[in-house]
Amino acid sequence: MKRRDFLKAWMICGASTTFGITRNAWGGASFEGYPERMGVLVDLTRCVGCRSCEAACNKEQQLPAPSAPFDDLSVFDRKRRPTEKAYTVINRYETTKAGGPVYRKIQCNHCNEPGCLSSCLVNAYTKTQEGAVIYNPKVCIGCRACMVACPFNIPGYSYSSAFNPLVKKCVFCYDTRLKNGKSPACVEICPQETLTFGHLNDLIKIGHERIREMPDKYIDHIYGEKEVGGTGWIYLSGVPFDKVGFDTTLGNEPIISNVKEFLGLIPMVLAIWPALFTGFHLLSTRNNNDPSKQGDSHSYREDAKP
Amino acid sequence: MHVVRNWLIRGVLVIALTIAPADSRAQNMPDSIDLDSLVQFYEKVSFDHAKHIGLSKDCSVCHHHTTGTPTEDANCIRCHKNSAATAVVACTACHSAQPFSAETIKKNKSNVKSYHKDMPGLKGAYHQSCGGCHARDGGPTGCQDCHPRKKSGDAFYHAGEYAPKTPKNGKSRGR
Amino acid sequence: MNKLKAQEVTIVDSPYKDPGKTKWSVQEKLLLGLTPQQYVAQALRNPFNWLLAIIFAIGLPIIAGRFLFGLSWVTDSSYDYPWGLFLGFGLFTLVPLSSSGFQLGTAVELFGRHDLKPIERLALLNGLLGYFFAVCYLLVDLGQPWRLPYPMLIAFGPAAVLFLVAWHVATYLSVQIAEVSVSFFEWIGFPMGKQAVRKITLGLTVAGIILSTLHQGALGALFTYAPGKVHPLWYSASFQWLHFFVSSMPAGLCMVIVVGSIVKKTMAWRCDDNFMKNVDKLSITLARGACMGLATYLTIKLIGVAHDNKWEYLASGWGLWYLFEIGVGVILPLVLISFAIRNNKIGLVRFSALLTIFGLVLNRFNTALITFNWKLGEWFIPHWREVMITVTIFAIYIMVYRFILYRLPILYTWKTADEPVHVTEPIKESATYVTG
């Protein structure tokens, strides 16, 4: 009786272990990203803070009307972040460098290995071949782990909706534009061409070329080329990145790398624990029995019962 | 690569104004150009070409190596020190109105030997080129200083008569 | 109730009304064998019930409001603090406090520590209810709680730690229901069910250890998704899951000590001699276990700081706060418990158990809420309705806890064996329960 149970347990463990290992092998491979993925190179030295991208995003994504006009520059008085009503915002940073303030656009960076995606227990996120990180509102249960996992604090959530609250974030205009080979709405409207749309691999080259041609103008770093495993939106700046609101302490490992260690343990625990603790049980209960009966499994069962 | 550089100081400009144009082709150049790439939201810009020639004198500031005075940009000189003037000098000739369309990207990609991979589109070229000098030399810099917004633009920016009526109403967004 | 017991009122503790061999009806069982008038009277006499009534009067409408008007009505709708009190307290705190079930189950069923038997059922129930109410908190917090079964049925994200938590909590909840169902089957008079569960006890217990190890750890591993957001002193990429798992063990044991002493004081009428006589002695036994757990936890916390060389953070304001948490929540109870065990001071054991629980709550709050977003320079300040809902659900937890303790044979032994097999020698069966 008990042996059969044990065998059953062992088989279940074996199955789950195999499952666990397979899963880890997928996650373990170093993912270079889809070769044809698109991206955007954001050149902070070009942005003049006109907020046209915010207006374009609002229209394209059919977001609710803003609380202030998009040409109202008083919004720069405080630092903003993307919300359920605005998937992209511009912040202004006063810097000591001559040439006035620096403006920084914030939106989803479309990571190569997104934290939101790896934290989602219903697989609501997808990194498409085109490079967009998109969201499936039909399966989201609203645990908001993605908001915790996003190293850039991007996703918003429509808390005010009682019956269909959803994660709200930039989706690279995937459904309306990117899928059809068009650049996102913000890129198209930008008068300064602060935003350069293209294949991510080309954009990285272009970014380095700009730095090489104008070493005095740029900090010698492309933010997002390597950060958290690389992002689809990458940045050039004339001032140190940490002075204009970028988190420069994130490191180059994707978020999932932090979690892999624990995920790798799961199959081990599933495989080792049952044997280990059943073994402990046999050892600790044998003492209570008559040594002459030790081969008799019946006596163990008696012990398990009061 | 377009760079706004080598600005003559005002004193030099004043002297330069008295000198006649050296290039004979300058006779054919327009005095005024209509820039209408943003007519969806803005009135077209009547660009006073003659006035800007008077202000700058250095054609290469806008036209790179293609016409008039030769370029002095260190990055351009590497190849274009002795380049002849080109047949077409209009901005639209090189700067694409659709820099990020699938076709443009595909074209750029297939042209592997091209050096100018990072050429801005038409709108970017205008704004980067004009904006740099305007900011430095006291020219108009506000969007509507050059091109007044149309009604469609007001609607797009939720400004003017389309501005939000009520003051910020905090969290209570109607569903 | 103590008064009623003094008045020689018979309280249900066996299937039969004593003299006539007639069975108690379900209604009589639910009313503990009192008449409805007696039952209502004792309920009204209890001031704690009035406190509960006030909490429910305010809290229940707010809970209803949360589902009608959305989360923004009850929380501050922060994008930077997506997880507030509901998860910070309900999930990250209640789950470790409920680790008692698997620990006592393991000790009794696997290691044959039958001397712990009188308190095993209390520990199992503590585990079950803690998990159940953690799920309740989760249901309030989830944007779309009606989609809770999605990760089991519709959309799978198997590489996500939360996927693991969801599956394990769900499975473990079933395991715990099975474990506690033994008491229920005794009470309702369904010996077949009891026997069936008894047969798979070993399997259930081993499953309990596996699932507990993994999801207690997984709650910690959840924060490895936010390496930059949790303060480095509360974060350890390699050991986060171990910190959460190990700290849950003394906390779960201390929870049983505390609950044990509360019921001893307030529900003496319901406890049988076996429980009353043993609870102090067993509390000290549990405290020994908690002591080991605390010492281990302290060690691995220090290893965590040393491993990533985070000593310099200790000099900051956060460092002082960290030292306070470790000092008051770990070292102090550790010292006090050791002293109390040596000198057999049960009162001090109880106080240190409370302190251990405080230490755990503080740790989880620090990790999930207080030091979260330390770089943003923001503070998590919950909305008053959020606090009220948290309190209300906890009050329901206490009420349900009490409701079950009043009725099921958790604190007392179900007097007569119901199984026909054992009818001939019922004394032997009950004797096994006492001596284990």
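The values are calculated or read from the model by the stated rules, or taken from the named source; none is laboratory data. What you are looking at is a predicted structure, and each value in this text was computed from that prediction instead of being measured. Cβ atoms come from the backbone with ideal geometry, glycine included; neighbour counts cover every protein chain shown. Side chains included, ligands, DNA and RNA excluded: accessible areas come from the protein's heavy atoms. Shrake-Rupley method; radii C 1.70, N 1.55, O 1.52, S 1.80 Å.
Restricting attention to segment C:141-161, and to residues there that are part of a helix (DSSP H, G or I), in contact with a helix residue (DSSP H, G or I) (Cβ under 8 Å, 6 or more places away or on another chain) and open to solvent by 10 Å² or more (accessible area, probe 1.4 Å), which single residue is farthest from the other protein chains (Cβ to nearest Cβ)?
C:Met152
Take the residues of segment B:1-59 that are in a helix (DSSP H, G or I) and modelled with pLDDT of 80 or more: which is most open to solvent (accessible area, probe 1.4 Å)?
B:Lys51
Taking the criterion of being open to solvent by 10 Å² or more (accessible area, probe 1.4 Å), closer than 27 Å to C:Thr75 by Cβ, among the charged types (D, E, K, R) and in contact with a strand residue (DSSP E or B) (Cβ under 8 Å, 6 or more places away or on another chain), would at least one residue in segment A:116-138 satisfy it?
No; the residues of segment A:116-138 include none that is open to solvent by 10 Å² or more (accessible area, probe 1.4 Å), closer than 27 Å to C:Thr75 by Cβ, among the charged types (D, E, K, R) and in contact with a strand residue (DSSP E or B) (Cβ under 8 Å, 6 or more places away or on another chain).
Only one residue in C:Leu52, C:Leu87, C:Leu60, C:Leu44 is outside any strand (DSSP E or B), modelled with pLDDT of 85 or more and loosely packed, with under 12 Cβ neighbours inside 10 Å. Which one?
Testing whether each residue is outside any strand (DSSP E or B), modelled with pLDDT of 85 or more and loosely packed, with under 12 Cβ neighbours inside 10 Å leaves just C:Leu44.
Here is a check on your reading of the model: is A:Ser183 within 12 Å of chain B (Cβ to nearest Cβ) and in contact with a strand residue (DSSP E or B) (Cβ under 7 Å, 6 or more places away or on another chain)?
Criteria met by A:Ser183.
Considering only residues that are open to solvent by 20 Å² or more (accessible area, probe 1.4 Å) and among the polar types (S, T, N, Q), which ones fall in segment A:36-57?
A:Thr45
Tally time: how many residues in segment A:190-224 are open to solvent by 20 Å² or more (accessible area, probe 1.4 Å), farther than 20 Å from A:Glu130 by Cα, within 11 Å of chain B (Cβ to nearest Cβ) and among the β-branched types (Val, Ile, Thr)?
0
Mind listing whichever residues of segment B:72-91 are within 23 Å of B:Leu35 (Cβ to Cβ) and either open to solvent by less than 60 Å² (accessible area, probe 1.4 Å) or part of a helix (DSSP H, G or I) (or both)?
Within segment B:72-91, B:Ala85, B:Thr86, B:Val89, B:Ala90, B:Cys91 qualify.
Looking only at segment C:233-256, which residues are over 30 Å from C:Val279 (Cβ atoms), open to solvent by 20 Å² or more (accessible area, probe 1.4 Å) and either more than 10 Å from chain A (Cβ to nearest Cβ) or assigned to a helix (DSSP H, G or I) (or both)?
C:Trp241, C:Leu242
Looking at segment C:172-188, can you tell me whether even one residue there is at the interface with another protein chain (Cβ under 7 Å from one of its Cβ atoms) and either free of Cβ contacts under 8 Å to residues at least 12 places away in the same chain or open to solvent by 20 Å² or more (accessible area, probe 1.4 Å) (or both)?
no
Looking at (1) at pLDDT below 90; (2) under 13 Å from the mean Cα position of the chain (by Cα), which is the one condition that is false for B:Ala85?
Failed condition: (2).
Tell me which helices (runs of 4 or more DSSP H) are completely within segment B:92-156 and hold 3 or more residues being under 19 Å from B:His63 (Cα atoms), or say none if there are none.
In segment B:92-156, the matching helices (runs of 4 or more DSSP H) lie at B:122-137.
Within the bounds of segment C:64-74, is there any residue that is within 14 Å of the chain's Cα centre (by Cα) and either away from every other protein chain (no Cβ under 12 Å) or not in a helix (DSSP H, G or I) (or both)?
So far as segment C:64-74 goes, no, none of its residues is within 14 Å of the chain's Cα centre (by Cα) and either away from every other protein chain (no Cβ under 12 Å) or not in a helix (DSSP H, G or I) (or both).
Hey, any hits in segment B:115-123 for a residue that's within 11 Å of another protein chain (Cβ to nearest Cβ), basic (Lys, Arg) and touching a Phe, Trp or Tyr at 6+ places or on another chain (Cβ under 7 Å)?
Among the residues of segment B:115-123, not one is within 11 Å of another protein chain (Cβ to nearest Cβ), basic (Lys, Arg) and touching a Phe, Trp or Tyr at 6+ places or on another chain (Cβ under 7 Å), which makes the answer no.
Any residue at all in segment A:227-241 that's charged (D, E, K, R), open to solvent by 10 Å² or more (accessible area, probe 1.4 Å) and at the interface with chain C (Cβ under 9 Å from one of its Cβ atoms)?
Scanning segment A:227-241 turns up no residue that is charged (D, E, K, R), open to solvent by 10 Å² or more (accessible area, probe 1.4 Å) and at the interface with chain C (Cβ under 9 Å from one of its Cβ atoms).
Can you tell me which residue among C:Thr201, C:Thr213 is open to solvent by less than 20 Å² (accessible area, probe 1.4 Å), within 16 Å of the chain's Cα centre (by Cα) and at the interface with chain A (Cβ under 10 Å from one of its Cβ atoms)?
C:Thr213
Determine whether segment A:101-111 contains at least one residue that is farther than 11 Å from A:Gly49 by Cα, open to solvent by 20 Å² or more (accessible area, probe 1.4 Å) and without any contact (Cβ under 8 Å) to a residue 60 or more places away in the chain.
No, the conditions are met nowhere in segment A:101-111.
Failed condition for A:Asp71, given (1) open to solvent by less than 10 Å² (accessible area, probe 1.4 Å); (2) within 13 Å of another protein chain (Cβ to nearest Cβ), with all others met?
Single failed check for A:Asp71: (1).
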